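Let me begin by presenting the structure, written as structure tokens, before commenting on it.
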Amino acid sequence: MQARTPKPVGKDGGMSMSGADARHEGFVTTSARGLRHDVPPMRLYHKAKRFGVWDPQAIDLSRDREDWAEFNDQQRDALLRMVSLFQAGEESVTLDLLPLMMVIAREGRLEEEMYLTTFLWEEAKHTEFFRRFLDEVAGTTTDLHHYHTPSYKKIFYEELPRAMNRLLTDPSPAAQAEAAVTYNLIVEGVLAETGYYAFYQTLHRQGRMPGLIEGIRNLQRDESRHIAYGVFLLSRLVAQDDSVWFVIERRLNELLPYALGVTHEIYAAYGDDRPFDVDQEEFVNYAIKQFTLRSQRIEQARGKSLDEVYRLATVDADEPAGEDEPGTPGEGGTAA
């Protein structure tokens, strides 16, 4: 089925005014329009119900504890560093997603908001999973903030919360674009995808840490749906106003040096030593590849109608949820 652009909310739903004077003008689900199950966000919503129901508490970490005991001090430090970066990152995105949900809700985009409810739930589960690893495998009770390097802090301490919380007072298309670029393309599409690739290269191919890798597989499938939504949102904004593309392009170029800086700073901490014998250039090249794929995919929306954008996003959303290795998404890495 080919998705058509939903009609504007109008009198069938949405909110007039905000704050203490807010009131609903009607409801989409009791209008003649009803729910649009054919549009990309609802397709992602249905996929999240099928594939996003894994439980962080159900993953067996017994082998991981054995592997942890066999690692040398430098390997344990490197793994603790990587997990601490993911841990704080997942907490950060859990904290910072709500303003985007509020903007989408106020625009009356019910199907998009319904998908975003799964988005937030999944980020909370990712936060839970990494903390479980720290508690039950690494057994750490120490403060891990010293692993947060300048480039990491620039993104997660400053740029992400600033871009997302700006939406509370500025819901403009440009502000939405900056938020989605920061969250979906840089944090999820570059940093997280490169992190999955790192875990796969350092652990899975050696047959180590199977519980952690199982969790990473689940995270990657969740995050690929998140990225698919981000690509859809940005493409929709570009199709509605071509000037938004230049906002996206500028934001990508602003943040890429910091995204690459995270990898550089991880390796700098160990000098000439490589705890898991993996080359830095391999990870940098992978990060650049993810950056390029997402940028090109969104640029395709320039000059296209909204109907065309919805059709392309439907193809992305309908990609099968396969059993790919972590760090090996499909074309564009936009669906799962």
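The values are calculated or read from the model by the stated rules, or taken from the named source; none is laboratory data. As the structure is a prediction and not an experimental result, all values here were calculated from the model. Note that we place each Cβ from the backbone using ideal geometry, even for glycine, and neighbour counts take in every protein chain shown.
Values as computed for the structure displayed
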| read-out | value |
| --- | --- |
| Residue selected from region 2-14 under the condition at pLDDT below 60 and not in a helix (DSSP H, G or I), by the criterion nearest to residue 169 (Cα to Cα) | 14 |
| Residues (in a helix (DSSP H, G or I) and surrounded by 15 or more Cβ atoms within 10 Å (Cβ to Cβ)) located in region 28-45 | 28, 40, 41, 42, 43, 44, 45 |
| Evaluation of residue 269 against (1) touching a residue at least 24 places away in the same chain (Cβ under 8 Å); (2) surrounded by fewer than 22 Cβ atoms within 10 Å (Cβ to Cβ); (3) at positive phi (one fails), failing number | (3) |
| Any hit, region 282-295, residues being within 20 Å of residue 115 (Cβ to Cβ) and either touching a residue at least 40 places away in the same chain (Cβ under 8 Å) or crowded, with 16+ Cβ neighbours inside 10 Å (or both) | yes |
| Residue 134 vs. criteria in a helix (DSSP H, G or I) and either of a type in the set (D, E, K, R) or closer than 21 Å to residue 176 by Cα (or both) | no |
| Odd one out for residue 219 among (1) within 19 Å of residue 192 (Cα to Cα); (2) not in a helix (DSSP H, G or I) | (2) |
| All positions within region 68-95 that are among the aromatic types (Phe, Trp, Tyr), assigned to a helix (DSSP H, G or I) and touching a Lys or Arg at 6+ places or on another chain (Cβ under 9 Å) | 68 |
| Candidate set: region 229-272, residues that are outside any helix (DSSP H, G or I) and farther than 30 Å from residue 314 by Cα; chosen: the one farthest from the chain's Cα centre (by Cα) | 272 |
| Among residues of region 99-155, those that are closer than 16 Å to residue 42 by Cβ and of a type in the set (Ser, Thr, Tyr), counted | 3 |
| Considering residues of region 46-67 that are part of a loop (DSSP other than H, G, I, E, B) and at pLDDT below 95 only, the residue surrounded by the most Cβ atoms within 10 Å (Cβ to Cβ) | 52 |
| Options 42, 82, 101; residue that is within 20 Å of residue 236 (Cα to Cα), of a type in the set (A, V, I, L, M, F, W, C) and in contact (Cβ under 8 Å) with a residue 60 or more places away in the chain | 42 |
| Qualifying residue in region 169-176 (condition: over 14 Å from residue 237 (Cβ atoms) and in contact (Cβ under 8 Å) with a residue 60 or more places away in the chain) | no |
| Given (1) touching a residue at least 12 places away in the same chain (Cβ under 8 Å); (2) in a helix (DSSP H, G or I); (3) surrounded by fewer than 24 Cβ atoms within 10 Å (Cβ to Cβ), index of the condition residue 275 fails | (2) |
